[in-house]
Structure formats: C-alpha cells, structure tokens
Amino acid sequence: MDNALEVQHIKKIYGDFTALNDVSFSVPKGSVYGLLGPNGAGKTSLIRIINQITMPDGGKILLNGEQLQPKHIEDIGYMPEERGLYKSMKVGEQCIYLARLKGLSKTEAKERLQYWFDRLGIEGWWNKKLQELSKGMAQKVQFIVTVMHEPSLLIFDEPFSGFDPVNANLIKDEILKLRDDGATIIFSTHRMESVEEMCDHIALINKSNLVLQGKLSDVKQQYRDRNYAVSLICMNNDMAFQQIPSEFNPLPIELSGLDNTLDFQIRIPENVEIPVALNKLTHLGELTHFSEVIPSVNDIFIQTVQHNG
Amino acid sequence: MDKLWLIIKREYLNKVRNKTFIVMTFVSPLIFVGVVLLIGWLTSINSDTARKIAILDQTDGDFISLFESSDRNEYIKLDGISKEAAVAASKQADYYGLILMESRDGALTDLSFYSDDSPSKDFLESIEDKINDKATSQSLEDVGISPSLILERKIDKEIQVQNFSGEKTSKMSGWIKIATGGAAGYLLMMFIIIYGNMVMRSVIEEKTSRIIEIIVSSVKPIYLMIGKITGTSLAGITQFIIWVIVGFILLTIGTTFFGVEAFTNPANADVMAQAQDMTKMELVINDIAQLPILKLLICFFIYFMGGYFLYASIYTAIGAAVDNETDTQQFMLPVIVPLMLAIYVGFFSVMDNPHGTVAVVFSYIPLTSPIVMLMRIPFGDIAWWEIASSMLLLYVSIIGVAMLAAKIYRIGILMYGKKTNWKELYKWLRY
C-alpha cells in the first residue's frame with residue numbers, strides 16, 4: 001500500500017528540551033490516521049514540522065514519496081487546534097485571501113468557496129465580518145478554509161471542539177467524504193470516541209517518543225487480554241463471591257448485582273481454556289451473558305501512557 | 001513573490017479602509033487648522049477686557065499724559081494723594097496695578113510698578129521706555145540741547161544679513177530653518193511611533209486571534225513580516241500625501257481669503273503692524289522660498305522609509321514576543337529612548353550648531369540619523385556624500401536589524417501564554 005506521508009526519524013530540540021525523539025511512522029494513502037498523545041507530548045511540534053512551519057533538527061518527511069518541499073504547502077490542509085481568523089475582515093474576502101495564499105487563483109477560489117458555502121449552509125454570511133458570526137458558524141468557515149484548495153493530505157487538530165453535536169456530525173461526514181474522494185486525513189485529538197469511530201490507523205506519542213503505532217484493529221488485537229464480561233444469575237451469591245475471585249481474577253474486583261444477577265468482568269488466565277472457564281461459570285448459576293471485552297482506544301491510551309509514565 | 005504581493009495588498013487595504021485611519025487622515029488637518037484658529041480667537045477674547053491701572057505722578061514732568069487708555073489697558077489718573085494712599089486705594093479697587101513716579105524737587109527719582117500679578121516683561125519695558133524717553137528729552141532741554149536735533153542726527157542702521165553668494169535673508173532666517181527642520185524631524189518621529197505601533201498591534205492581533213498558524217502554514221513568516229511592514233508603510237505614505245495635498249489646499253484657501261495677516265500671531269498684531277515693512281516681509285517669504293524644500297521632501301521620504309523600516313522591525317519583534325499590548329511596556333524602552341534622544345539632539349545641538357560634532361555624529365547613527373539629519377538639512381551646506389553615507393548606513397543596518405527581528409518573530413508568533421523577558425529573547429536569537 002502506498003503511503004501518503006512518511007515520517008522518518010524526526011527529531012526536534014528546543015534549547016535543552018527534546019520535543020520529538022526519533023519519531024517514525026507511515027500514514028497509508030486514503031486512511032484516517034489518529035495521532036494521539038497527552039498534552040505536551042509533541043503532537044503539535046510534529047504537525048508544525050509536517051506543515052513546514054518549523055524545521056526538524058533531524059530526520060526527514062516524505063509526502064507522496066517526495067521529500068517535503070515548499071511547493072507541498074499547497075497540497076496540505078491544516079486546521080490548528082487554536083482556531084483563528086481575522087475578526088474584523090469580511091468572511092468572503094478573508095477566505096479568498098487565504099485560498100490565494102494556498103495558490104488558488106481568484107476565480108478558482110470564488111467558485112470553490114461558493115460551492116462550500118452552499119454545502120454547509122452559510123451562503124448568506126459572505127459579506128459579514130467574522131466577529132458577527134456564532135462560534136459554530138466560524139468553525140464552519142475554518143473548515144472550509146482548510147479544505148478548499150483540495151489538498152491530498154488534511155491535518156485536523158481537535159476537529160470537533162467547538163461544534164455542537166449536529167454540526168460535529170456534519171463535519172464528520174464531510175471528512176469521511178473527503179477521504180472517500182481520495183484524501184488522506186490525520187487527526188490529532190484527545191476525544192477517543194471519535195478516534196474509535198473514524199480512525200483506521202493510530203500512532204501514540206508520549207513524552208516525545210512514539211510508543212505505539214499501526215492499524216487500529218491490529219493494535220486492539222495486540223492489547224486483547226482475555227478479558228470477558230459476564231452476567232450470571234446465581235443460586236447462592238455467597239458461594240459465587242467466594243469462588244469467582246479465587247478462580248478468575250475479576251477485573252476490577254467489583255461484583256454488582258441486580259436481584260440475583262451478578263455483572264462482572266474476568267480475566268481468564270493463560271493456562272485455562274475458554275470452554276473450561278465457561279463450564280465452571282455455568283456451575284455457579286445461570287449464565288446470561290458472556291463476551292470478550294475488546295480494549296477501547298481510551299483503555300489502550302491510558303494503559304500505555306501510565307505504563308510509560 | 002505573488003504571495004508577498006497578496007500580503008502587502010491585504011495589509012494596505014486593511015489599514016486604509018479602517019475608520020480610524022480615514023478619520024485621522026481627513027479630519028486631523030481640519031482639527032489642526034481649527035486649533036490654530038481657536039487659539040487666535042481665545043487670545044483675542046483674552047485681551048478684550050481692559051486692565052485697570054492706576055497712575056500716580058508726583059513729578060512736574062506731566063508723564064501722565066503719556067498714558068492713553070486703550071482696549072487693553074485703562075489708565076486711572078490719581079492726583080494729590082500720598083504714595084501709601086495710592087497703594088491702598090489701588091488695592092481696594094482691585095486694580096491690576098499702580099504706576100508710581102516719585103520725585104525730589106519735581107524731578108523723577110524713582111519709578112515703580114505695584115501689582116499682585118506678574119506683569120510681562122514687554123509691558124514693563126514699554127512703561128520704562130515711554131517714561132525714560134520723555135525724561136531724557138526733558139533733561140536734554142534743561143541743559144539746552146534740542147531733543148529733535150538729537151533724533152535728527154541719530155544714526156540707526158539695521159544689519160543686513162546675506163550669504164556669501166549675495167542672497168539677502170532676514171533676521172528671521174535662522175528661526176525659519178529651526179522651525180522647518182524641527183517640524184520635519186518631529187513629524188518623522190510621530191510617523192514612526194504611530195505606524196510602528198500599528199504594525200505591532202497587527203502582529204499581536206494575528207497572534208491572539210491565532211490566525212497566524214494558518215498563515216504560516218501557507219507562507220514563510222519572513223514574507224508575512226515584510227508584507228506587513230511594507231503594506232503599513234504604504235498606508236503611511238498615502239496618509240502623508242493626502243496631508244500634503246489637503247495642507248496645500250487649506251494654505252491656498254487661507255492666504256486667498258484671509259490674506260497674509262491670518263498667519264501672523266494676533267497677540268503681536270499691533271507690534272507687527274508697526275514693524276511691518278513690506279521689504280522685511282518679502283525677505284521672510286524669500287527665506288521660505290529659499291529653503292531646500294524639494295531636497296527636504298525627498299530626504300524626508302527616504303529617511304521616513306528607512307527610519308520606519310528600522311523601527312518597524314523592532315516593533316514587529318516586540319509584537320511577536322508578547323501576548324497582549326499591556327506586556328509590550330517592558331520592551332518599549334529601546335524604541336522610545338533613541339527617538340527621544342534624536343529629538344533632543346535635534347532641538348538643542350543642531351539648533352545650536354548644525355555642523356557641531358554631536359549633531360554630525362548623531363546624523364550618522366542609524367537609530368537617530370533620520371530625525372537628526374532631517375533637522376540639519378534646512379541649514380544647508382551638507383555635502384551630498386554626507387547625506388548619502390548616512391542613508392547607506394541606515395539601510396545597511398535595516399538589513400541586520402530586520403534579520404534579528406525576523407528570528408524573534410518566527411519563534412514568538414507561535415509561542416502562546418508564555419511571559420517573555422530579555423533573556424528569553426536572547427535565547428530565541430540563538431535557536
């Protein structure tokens with residue numbers, strides 16, 4: 001599979017602080033790539049390097065197989081986490097200006113902006129100043145500014161912050177449509193549920209180092225830990241309370257019960273076959289639910305960060 | 001290059017379309033003229049109410065007849081009372097003052113003025129002159145010399161000032177040069193401060209509105225910096241040209257409608273009227289015409305651009321280093337001190353001796369040369385190579401300063417929420 005972006009051994013040092021330490025990963029073409037990490041891990045530094053806002057102190061970056069050059073600026077769209085536009089400039093004029101800075105001609109810019117303004121339902125705001133717009137409206141303008149030059153790589157830093165749920169969904173659909181049209185998307189976010197929903201690949205940066213990367217399904221596979229969710233209607237709760245902890249390492253040790261039903265999670269030890277475990281459980285009562293717990297991105301994130309911390 | 005042009009255009013239009021800019025450009029010349037007229041008018045009302053001044057003449061000299069009441073001074077003649085009584089009466093009646101002439105055997109011995117106010121030197125001297133003239137005549141007559149004969153034989157030549165090529169100037173010449181140079185230097189300083197601040201605010205605005213990150217992901221920060229400084233300077237030039245045109249129109253209207261009198265200080269109108277001798281007036285006009293106006297305008301333009309670019313670079317760096325305008329104070333010192341120094345050197349050293357060491361040295365130092373050299377130019381006699389090398393030094397140093405400023409700018413614009421100090425700035429320079 002072709003890679004839209006290859007980050008190779010990138011290093012960035014500010015004074016005596018290392019912001020990125022030998023970070024390498026590849027973003028496949030047409031993927032939605034989640035770039036995760038706690039605050040201050042180095043995500044913004046990396047994004048700024050990809051955008052050629054700052055230069056790395058080591059390593060290189062390939063965009064569609066070519067070493068990153070100034071001309072590639074026009075092939076990347078970037079929506080920073082800290083949103084910003086000129087407050088006292090008219091929306092339309094401002095968008096044309098920013099589009100032309102990205103290399104579009106004036107007529108091209110107008111055409112495309114017309115299309116996007118209609119599409120997102122803000123066509124009436126062309127001649128309004130930005131400060132007259134609501135926050136959600138300004139976010140839509142920001143989104144248009146990011147995508148209007150039809151770049152092959154789109155980088156969104158916390159794309160959904162500031163949107164109400166309806167508009168967040170609208171933008172999500174637009175992003176997925178852009179992917180379907182051939183663009184590659186990089187997402188930098190703390191909102192794990194949106195990663196779960198949209199990303200097919202992830203990379204996790206913690207304390208300047210890349211600690212995890214790959215296809216989301218592979219990562220999850222790797223983090224499967226024989227955890228199961230169980231619901232049991234017991235005949236004798238006391239016996240169950242005694243036996244379960246000793247045999248199944250319940251995780252966490254919290255048995256919650258409604259009437260006679262017990263809901264709990266267990267971790268089945270390596271040396272116990274699943275059917276054997278299942279058999280033991282049925283002896284304790286009537287088994288109403290048994291399923292594997294696939295780790296969420298959130299769990300993986302917290303686990304990895306704590307482990308590395 | 002296309003992108004740089006786009007940025008310049010945006011910065012220019014953004015400044016020029018701004019309401020404050022439009023108001024400043026068209027209204028401030030009117031305000032200026034209005035203030036001048038207002039001052040003139042206020043001065044004329046000020047002298048409307050006549051001051052009451054009592055006179056007690058104890059001599060036989062009939063000095064009292066010298067004092068005729070006018071619009072400004074009303075004289076009350078006291079007679080036959082003692083000095084003490086006159087002082088008490090004047091105080092009680094709340095007169096402005098009392099002129100007292102004391103005598104021995106009818107001849108003037110002492111001349112005093114009593115007042116709780118502080119009368120002007122001119123006023124006191126006019127009293128002295130009147131009385132002394134008359135007393136002198138009387139004493140001359142007493143010894144048998146006719147005062148009119150003395151007046152006839154008296155020689156009173158006025159010194160004619162001209163330069164070595166024979167062009168005549170008035171005694172006002174030096175003053176006109178000081179005024180012209182001073183005005184040009186002061187205007188330049190104001191322009192640098194106003195437009196430098198404008199650039200700085202615009203940098204802070206982009207930083208706080210966070211649009212900076214979008215812009216620098218499209219163009220190199222150095223382009224944005226150059227574009228911003230250039231666009232703003234063009235706005236400044238536009239304003240200056242409009243002022244010159246509006247000023248010229250107002251001046252033309254003023255001279256046609258009010259005549260030349262409109263430009264003389266109304267407070268001195270009566271003094272001027274006496275002294276007004278057409279040939280003198282012509283010399284003054286001639287002096288103004290002889291100022292190197294074209295040279296001054298061209299130099300003003302070149303020094304304005306140079307001085308502005310130099311200071312604007314510093315202003316840009318300051319804007320990039322802070323998060324809001326209130327934090328700029330600590331960095332303002334290196335901007336304000338050289339400007340102030342230039343103005344003071346201009347007003348004291350240059351006015352005193354335009355070719356003195358201090359004046360010459362400061363007209364070469366890039367931070368002060370635009371103002372100081374501009375103040376020296378009206379005095380003439382500055383070789384073209386002096387001006388050229390001062391300009392060259394200025395423009396070379398702009399490149400150096402702009403490069404340092406660009407380093408700070410590049411890092412500062414992406415630094416949020418961090419209090420910056422001098423040490424931090426030094427670190428940025430070394431990244």
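The values are calculated or read from the model by the stated rules, or taken from the named source; none is laboratory data. Every value quoted in this text rests on a predicted model; they were computed, and no experiment measured them. When we count neighbours, we look across all protein chains shown, and the Cβ atoms used for this are built from the backbone with ideal geometry, even at glycine.
Here are the numbers for this structure:
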| item | result |
| --- | --- |
| The stretch B:193-213, subset surrounded by 23 or more Cβ atoms within 10 Å (Cβ to Cβ) and not charged (D, E, K, R), residue nearest to A:Met55 (Cα to Cα) | B:Ile212 |
| Filtered residues of the stretch A:13-50 (kept if closer than 18 Å to A:Thr184 by Cα and of a type in the set (Ser, Thr, Tyr)) | A:Ser24, A:Ser26, A:Ser31, A:Tyr33 |
| In the stretch A:231-270, residue nearest to A:Glu292 (Cα to Cα) [restricted to those that are polar (S, T, N, Q) and at pLDDT 80 or above] | A:Gln265 |
| Yes/no for B:Ser69 being small (Gly, Ala, Ser), farther than 22 Å from B:Ser118 by Cα and either modelled with pLDDT of 85 or more or more than 34 Å from the chain's Cα centre (by Cα) (or both) | no |
| Contacts under 9 angstrom Cβ, first residue in the stretch B:184-205 being away from chain A (no Cβ under 14 Å), partner surrounded by fewer than 16 Cβ atoms within 10 Å (Cβ to Cβ) and among the charged types (D, E, K, R), 6 or more apart | B:Met200/B:Glu325 |
| Residues being in a helix (DSSP H, G or I) and within 14 Å of another protein chain (Cβ to nearest Cβ) - total across the stretch B:10-27 | 10 |
| Single unsatisfied condition, A:Lys87 versus (1) in contact with a helix residue (DSSP H, G or I) (Cβ under 7 Å, 6 or more places away or on another chain); (2) away from chain B (no Cβ under 14 Å); (3) surrounded by fewer than 20 Cβ atoms within 10 Å (Cβ to Cβ) | (2) |
| Any chance A:Ile96 is assigned to a helix (DSSP H, G or I), closer than 14 Å to A:Val147 by Cα and at the interface with chain B (Cβ under 9 Å from one of its Cβ atoms) | no |
| Filtered residues of the stretch A:283-309 (kept if at pLDDT 85 or above, farther than 30 Å from A:Ser208 by Cα and not charged (D, E, K, R)) | A:Leu287, A:Thr288, A:His289, A:Phe290, A:Ser291, A:Val293 |
| Test: residue in the stretch A:111-119 that is over 27 Å from the mean Cα position of the chain (by Cα), of a type outside the set (Lys, Arg), assigned to a helix (DSSP H, G or I) and buried (at least 18 other Cβ atoms within 10 Å of the Cβ) | yes |
| Wholly within the stretch B:334-431, helices (runs of 4 or more DSSP H) carrying at least 1 residues that are of a type in the set (D, E, K, R) | B:369-376, B:384-412, B:422-430 |
